[in-house]
Amino acid sequence: MSRTEWTDAEKAQLREDAIDLIIPHFASNAELSKGPKVFVRGEGCFVWDLDGNRYFDSFATLLTTVCGHVRPEVTQAVREQMELLEFFPNYVDAFTVPLIELARKLKQLMPGDLGVSFFVNSGSEANETALKMARQYHLERGEPHRFKFIARRDSYHATTLGAGAVTGLRWFREYFEPLMPGALFVNAARRRDVPEGMSEADYTAHLLAEIEKLIGDEGAQTIAGFIMDPLPGSNTGYPLPPEGYLQGVRELCDRHGILLIFDEVQTGFGHTGKWFFCEHEGVTPDIMTVGKGFTGGFIPLAATVTTPRVAEVFRRGPGTELRSGSTYGGHTVACAATLANIGIIESENLVENARLQGEYLKSRMDQMREQHPIVGTASGIGLLWALQLDVDPKLGVGTWIRDWCYSHEMILRNNGDILVLAPSLVLTRDEADFMLDHMEEAIVAAQEHYGVG
Ligand SMILES: Cc1ncc(COP(=O)(O)O)c(C=O)c1O
């Protein structure tokens, strides 16, 4: 359906049915009461709504559209695959050519010897699979009592019952407890939170000692894995880990036979200025999950990728196979779209573009900090940035700024008084200025509105 024009009566009906017939993910009744937003068209970093208004999307369509909206290369790949074979399941002993080619591509791009993939439909499922993979890995090796997972208090891994159990943020857990048993939480590790009077090295040592004590208290022989988002996401404003922390965690996991799982669903595929965030730290996990930008938003697909050492236990003979699966995991057309998406990232050097534009974003946000009293520090890397506002949280300044931007042609994600800038990797310098100028104008307007600063 390529229609872009509707009568007023049709628009009203679309909006009414949106509210009546659909429960949105992470629905907000407060926002819905102002009327639903209905989008009809996209191009590059921009989308258009039902009334023909254009918006710059500074959140890359929930961090998916790494190479922008509506890419003819992807359309062509999808059409060709649709005309050949739209779908055959990756089931029992069956594969398709795009699936195999995508697995090869992942092996080539991933750090270390990560390169054996299990394909699923979403980041949530990828994390569910990572947990199951770790548990069955130990079971196959004669340690079935290793069922617990260490996770971190500020992490987000999904809203499903397994990955939700290792998600630290309470809002996602509280209505659904008891969740999967065996989740053990340790403190968040944020370079920006080094306590006063403590060096960064001492802070890292303190965090690692906490983990080691937990392992000792619980018994290493009961712990299957440590799951973490090595760079936590937009919910907590992309806090970088303190120096040496990830290396220290890797060493602890190795010493205690615990599998290290990195959730790079949000940070993978170039957002941070490298293909994967863990490459900035030189640390490779035993299992990595990817989604979102992996497929560029074109068709859902995600993956749980592990090493030959882990995968080997599922290939030892009948009965040792990984007990997991779904109908559409590794969908043929989704693989074709994802290969085309990755092809664009490579041919247009988008990972490097993310690094370069990210440096520019950082320098402009630092300038804003000097010029506008309510602007606090910016945290992040590449094209994943969060700007903390220095205001009384009760005022709701972040949400006011978000709404100001929306009425001035820009979608901005905020989490309270954290403003997120995480655009597509195709961002040009002009678009970076468009986005930053809008945010700055909104900040100035907010200062006037609230009489602050
Ligand atoms: C770090 C992280 N892990 C997992 C997920 C879940 O992925 P999905 O929403 O595709 O199921 C998300 C989604 O926001 C995420 O940011």
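Please treat every number below as a calculation from the coordinates, not as lab data. Because the structure is a prediction, the values reported are computed rather than measured. Here the Cβ positions follow ideal geometry from the backbone for every residue, glycine too, while neighbour counts run over all protein chains shown.
Summary of values
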item	result
Qualifying GluC sites (Glu not before Pro) in segment 66-134, DSSP loop, other Cβ atoms within 10 Å at most 12	Glu86
MRE, 222 nm, helices only [DSSP H, n ≥ 4, -39500 (n - 2.57), over the chain, to nearest 500]	-12500 deg cm²/dmol
Inter-label distance, nm, simple model (7 Å from Cα along the C-beta direction), Glu196/Glu279	4.0
Charge dipole of the chain about the Cα centre (unit charges at C-beta), most positive-ward option of Gln221, Gly291, Val70	Gln221
Inter-site label distance for Glu243 and Glu143 at 7 Å from Cα along Cβ, in nm	3.2
Translational diffusion of the chain, µm² s⁻¹ [Kirkwood Rh, Cα pairs; Stokes-Einstein; 10 °C; 1.306 mPa s]	68
Span from the segment 73-123 Cα centroid across to the segment 3-40 one, whole angstrom	34
Fraction of the pair-distance distribution of segment 97-347 above 28 Å, Cα-Cα pairs, percent	29
Calculated FRET efficiency for the pair Thr222/Arg323, C-beta based, R₀ 25 Å, to 0.05	0.75
Computed E for Asp93/Val313 - FRET, C-beta separation, R0 25 angstrom, nearest 0.05	0.85
Eligible lysines near Lys362 by straight Cα distance, threshold 19 Å, same-chain separation 8 or greater	Lys274
Cross-link table Lys105/Lys292; Lys292/Lys394; Lys132/Lys213, entries beyond 23 Å C-alpha to C-alpha	Lys292/Lys394; Lys132/Lys213
Local electrostatic count at Asn53 - Lys and Arg +1, Asp and Glu -1, tallied over other residues with Cβ under 12 Å	0
Virtual spin-label span in nm between Ile100 and Tyr450, 7 Å along Cα→Cβ	5.8
Mean Cβ count within 10 Å, highest first, over the residues of peptides 328-338, 288-298, 304-314	288-298, 328-338, 304-314
5 angstrom amide H check on Phe88, placed H, neighbours 5+ away	Thr332
In Hz, Karplus ³J(HN,Hα) per residue of segment 206-214 (6.51, -1.76, 1.60; θ = phi - 60°; x = Gly, Pro)	5, 5, 5, 5, 4, 5, 5, 5, 4
Residues Trp171, Trp404, Trp48, sorted so that the one with the fewest Cβ neighbours within 10 Å comes first	Trp171, Trp48, Trp404
Ranking of Tyr238, Tyr137, Tyr203, Tyr91 by count of other Cβ atoms within 10 Å, fewest first	Tyr91, Tyr203, Tyr137, Tyr238
Spatially proximal lysines relative to Lys11 (Cα-Cα < 25 Å; intrachain offsets below 8 disregarded)	Lys34, Lys37
Linear extension gain, Leu85 paired with Lys107, 0.36 nm per residue minus alpha-carbon span	5.5 nm
Convex hull volume per residue in cubic angstrom - Cα atoms of segment 269-424	176
Ascending count of other beta-carbon atoms within 10 Å, so fewest first, for Ser58, Ser155	Ser155, Ser58
Extension gain from Asp8 to Leu21, taking 0.36 nm per residue of separation minus the Cα-Cα distance	2.7 nm
Length gained when the stretch Arg429-Leu356 is fully extended (0.36 nm per residue, less Cα-Cα span)	25.3 nm
Antiparallel %, DSSP beta bridges [both residues in the chain], to 5	65
Segment 372-407 versus segment 156-187: alpha-carbon centroid distance in Å	27
